[in-house]
Structures are given as C-alpha cells and as structure tokens.
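Report on the structure given below.
The values are calculated or read from the model by the stated rules, or taken from the named source; none is laboratory data. Computed from a predicted structure; not experimentally measured. Every residue, glycine as well, gets a Cβ built from its backbone with ideal geometry; the counts of neighbours run over all protein chains shown.
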Amino acid sequence: MTHANEVILSREIHAKPVASDFAVQPVSLADINDGEVLVRIIYLSLDPYVGSALRGRHMTPQPQPGDVVPGYGLGQVIASKADGFAVGDYVAGETGWRDHAIVPALAMRKVDPTAAPLSTQIGATGMPGLTAYASMNHLAAVQPGDHVLVSSAAGPVGGTCGQIARILGATNVVGIAGSDEKCALVRDEYGFDACINYKNADWKEQLAAVLPQGINVYHDNVGGELLDTALLNLADYGRVVLCGLASQYHADERPAGPNPGIFIVKRAKVMGLVVYDFLDEQQDVTAKIGEWIAEGKLHFVEDRVTGLDQAPVLFEKLMLGENIGKAIVAVAAESV
C-alpha cells in the first residue's frame, strides 16, 4: 500500500479562493487495477480555470468540501497494470493536487522528456502552449503584416500566443497585463513590441497609440472592459479569439456582453476557443514548440514553489493576479 498526500477543499467557496480554503491530508492508496497506473507526481500546474471550477462556473463538475482539488499534473509511472505504460514512463494528465495518483492509463498522455524541458510539458509546450498555437495558427490564422493584441500577456497562454504570432510573421505584437513588472516581462523576455498596463488611468489612450492601424487579431483571455476596448480598436475584418473570462471568474454578477453592433461595423470574425477540440495535436505541438525553445525563438517563465503544501499559497497568489509567469508546483525530483 502506498502512502501519499493530497490537497482537499476544506470548505465551500463563495468568493475568490485563498490558501486557507484548502488542507493537506495523508491518504493510503489501494492497489491499482487493470488499466491503471500509479504515478509519482513531479510537477503540478496551477490554472485560473480551477478558481472558476471551485465556484461551479466551469464545464467540469464543481468540487465539494473534502474533494481533492482538480488540476493537471506531470509525473513518472511507478507501477502499471496497463498495456503500453511501463515503470519509468513520464505521463501528464488530470491527477488532482496530489503527490501520488492512481489514474486510468487512457486518461494520461505519454511525455517525451527529451522533447522539451520537462516542466514546460504542463506549460509552454503543454496545454497552455496548445491553446496558444490553436488560437494563433488555426483560428486567427496570423499572417505576415498582422497587428496582434493579446490580453493576460504575462501568463503562459498569452505570452506564448504573442511569441507564436511573431514566429508566424506578425508585424506588431502588443500585450495587455496588470502591472509594470508584468509588462517588463512581456517586452523583455517574450519580445512583444509593447505592453499596456491596464491599471494605468490612460491605458485606453496608450493602446490606441501603439496600434494606430487597428487590431487585426485579438486573443482575449479576460472579457469585460478589455474586450470592449479591443473591439473599439479592431481593424475592419479583424479576427477575435475568445479564450477566457478572467473578469467574470469571481464576479458576483456577470456583466452585460459587448454590443453586437461592433461586430457588424467592423465586419469582425469572432471565434470561441476550447482547447479540448485540439488535444489530438498535443504531441505535434509539443515537439514544434520544443524546437522553438531550443532555437531561442520562444521563451518561458515560471513562478515556482516547492512542495505540495505550498500549492494553496501559490494558488492564492494566482487568484490575486500576482504570479509572474506560469504557476507551477515542484512536488518531487524529476528522476529517482
């Protein structure tokens, strides 16, 4: 029998989650059944959608007090009763916030630890990277000459979006972020041409000034006022990819949507992005982005803590928008 630890929801969530909403508890894992693997978790991904899920505002089931917090993990198989999965294999998938997990093998994808830095497989080369690639390459179809705007540009999806847009030939890539520190990261590390701090009083004027030709492509992770402002600056026949609703995740009331008249006036193409539609491309996208990282064309930044017990602390930081880069928990060593 394997002894493990897991993070559970200690009470029902009615507001923005904080560290005290969670507790770490020890558990004893039963023997694995046919078709299952026992995984030693190495890295956990902390993602904004979990905050929404904890309040019943996501497409996944709402966790209840006592339930393990949902989350994506990467780890190494230490026992297997599944064909095609051997001890020592690296895998990624929905594991929850645990240091060991018994999961159906079919719910996990094998990870090539040589394709990219291992931690990026739940970041820039993992699902966030897949989201960014689907947005910029498939839906928006960024072309040479495009002027691209990305919100939440300091995050793993937004930061990767802008860099992929540049690789695809965009002429001008501009980000929106929530602090001067984040904007410095977007410009200096991710290579955006400019970044606007939306907490500045004149941010709307700044945005119009750096995109005088209008916005050909807007990747939206936020909704609300940021989306309204981007639409006003959209070029005719602009493309808008709607990917996230950060402005609504913890609001007590959902705001009214944008005036649909703007879509008509701008002849805009508006597309919703759900990354699950593109999961069959994950392996190829991981390899492609891994090559860009190796070639120095694409950069990633991580906001790390060490130890499962630190997951709630970093998650509170993420919910407050204070993280810089991809929020990730280093649970164990990469190899034993």
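To keep it simple, each residue is scored yes or no on (1) more than 22 Å from GLY321 (Cβ to Cβ); (2) polar (S, T, N, Q).
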{"position": "HIS14", "(1), (2)": "no, no"}
{"position": "SER20", "(1), (2)": "no, yes"}
{"position": "LEU46", "(1), (2)": "no, no"}
{"position": "GLY56", "(1), (2)": "no, no"}
{"position": "LEU74", "(1), (2)": "yes, no"}
{"position": "GLY84", "(1), (2)": "yes, no"}
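Restricting the range 96-140 to residues that are closer than 20 Å to GLU302 by Cα and among the polar types (S, T, N, Q), which is surrounded by the fewest Cβ atoms within 10 Å (Cβ to Cβ)?
That would be THR114.
Among (1) without any contact (Cβ under 8 Å) to a residue 40 or more places away in the chain; (2) under 23 Å from GLN76 (Cα atoms), which single condition is LYS317 missing?
In the conditions (1) without any contact (Cβ under 8 Å) to a residue 40 or more places away in the chain; (2) under 23 Å from GLN76 (Cα atoms), LYS317 misses (2) alone.
Which residues, counting only those in the range 289-312, are of a type in the set (A, V, I, L, M), farther than 20 Å from ILE324 by Cα and touching a Ser or Thr at 6+ places or on another chain (Cβ under 8 Å)? Outline the logic, then answer.
Quick first cut of the range 289-312, residues of a type in the set (A, V, I, L, M) only: 289, 293-294, 298, 301, 305, 308, 311.
Then drop every residue that is not farther than 20 Å from ILE324 by Cα, which leaves 289, 294.
Within the range 289-312, just ILE289 meets the criteria.
For the range 258-300, give me the residue count where each residue is at pLDDT 95 or above, hydrophobic (A, V, I, L, M, F, W, C) and assigned to a loop (DSSP other than H, G, I, E, B).
2
Got a number for residues in the range 99-144 being in a helix (DSSP H, G or I) and touching a residue at least 24 places away in the same chain (Cβ under 8 Å)? Give the steps one after another, and end with the answer.
In the first step, residues of the range 99-144 are kept if they are in a helix (DSSP H, G or I); the result is 105-107, 118-122, 127-139.
Pick out the ones that are also touching a residue at least 24 places away in the same chain (Cβ under 8 Å) and you get 105-106, 118-122, 127-139.
Total meeting the criteria: 20.
With the condition being in contact (Cβ under 8 Å) with a residue 12 or more places away in the chain and touching a Phe, Trp or Tyr at 6+ places or on another chain (Cβ under 6 Å), I'd like the helices (runs of 4 or more DSSP H) fully within the range 145-225 carrying at least 3 qualifying residues. Quick ask: steps written out before the conclusion?
On the way: elements: 156-167, 180-188, 203-210.
Fully inside the range 145-225 and qualifying: 156-167.
Among the candidates ALA235, ALA230, which residue alone is surrounded by 18 or more Cβ atoms within 10 Å (Cβ to Cβ) and under 23 Å from the mean Cα position of the chain (by Cα)? Break it down stepwise before answering.
Numbers: ALA235 fails: under 23 Å from the mean Cα position of the chain (by Cα).
Only one candidate passes the filter, namely ALA230.
When you check ALA86 against the structure, is it part of a loop (DSSP other than H, G, I, E, B), at pLDDT 95 or above and not aromatic (Phe, Trp, Tyr), yes or no?
Details: part of a loop (DSSP other than H, G, I, E, B): yes; at pLDDT 95 or above: yes; not aromatic (Phe, Trp, Tyr): yes.
So ALA86 passes the test.
For the range 13-40, name all the residues that are surrounded by 13 or more Cβ atoms within 10 Å (Cβ to Cβ) and farther than 15 Å from VAL68 by Cβ.
LYS16, VAL18, ALA19, ILE32, GLY35, GLU36, VAL37, LEU38, ARG40 - these are the residues of the range 13-40 that are surrounded by 13 or more Cβ atoms within 10 Å (Cβ to Cβ) and farther than 15 Å from VAL68 by Cβ.
Out of the residues in the range 141-178 that are under 21 Å from GLU225 (Cβ atoms) and among the polar types (S, T, N, Q), which is surrounded by the most Cβ atoms within 10 Å (Cβ to Cβ)? Walk me through it before giving the result.
Start the filter on the range 141-178 by keeping residues that are under 21 Å from GLU225 (Cβ atoms), which leaves 147-155, 157-158, 161-162, 174-178.
From what is left, the residues that are among the polar types (S, T, N, Q) are 151-152.
On the way: SER151: 29, SER152: 26.
The residue in question is SER151.
For residues in the range 237-257 being out of contact with any Ser or Thr (no Cβ under 9 Å at 6 or more places or on another chain) and more than 26 Å from TYR133 (Cβ to Cβ), which is modelled with the highest pLDDT?
Step one: of the range 237-257, the residues out of contact with any Ser or Thr (no Cβ under 9 Å at 6 or more places or on another chain) are 237-240, 242, 247, 251-254, 256-257.
Cutting the leftovers down to more than 26 Å from TYR133 (Cβ to Cβ) gives us 251-254, 256-257.
Working: ALA251: 51, ASP252: 57, GLU253: 60, ARG254: 58, ALA256: 61, GLY257: 64.
So, considering only residues that are out of contact with any Ser or Thr (no Cβ under 9 Å at 6 or more places or on another chain) and more than 26 Å from TYR133 (Cβ to Cβ), the one modelled with the highest pLDDT is GLY257.
One line per residue, one yes/no per condition, for (1) at negative phi; (2) outside the structural domain of PRO17 (by TED's automatic domain parsing); (3) surrounded by fewer than 17 Cβ atoms within 10 Å (Cβ to Cβ); (4) touching a Leu at 6+ places or on another chain (Cβ under 9 Å):
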position	(1), (2), (3), (4)
ILE264	yes, yes, yes, no
ALA268	yes, yes, no, yes
GLY272	yes, yes, yes, yes
ASP284	yes, yes, yes, no
THR306	yes, no, yes, no
PHE315	yes, no, no, yes
GLY325	no, no, no, yes
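Please state which of the following conditions GLN310 fails to meet, knowing it meets all the rest: (1) free of Cβ contacts under 8 Å to residues at least 60 places away in the same chain; (2) assigned to a loop (DSSP other than H, G, I, E, B).
With respect to (1) free of Cβ contacts under 8 Å to residues at least 60 places away in the same chain; (2) assigned to a loop (DSSP other than H, G, I, E, B), GLN310 is out only on (2).
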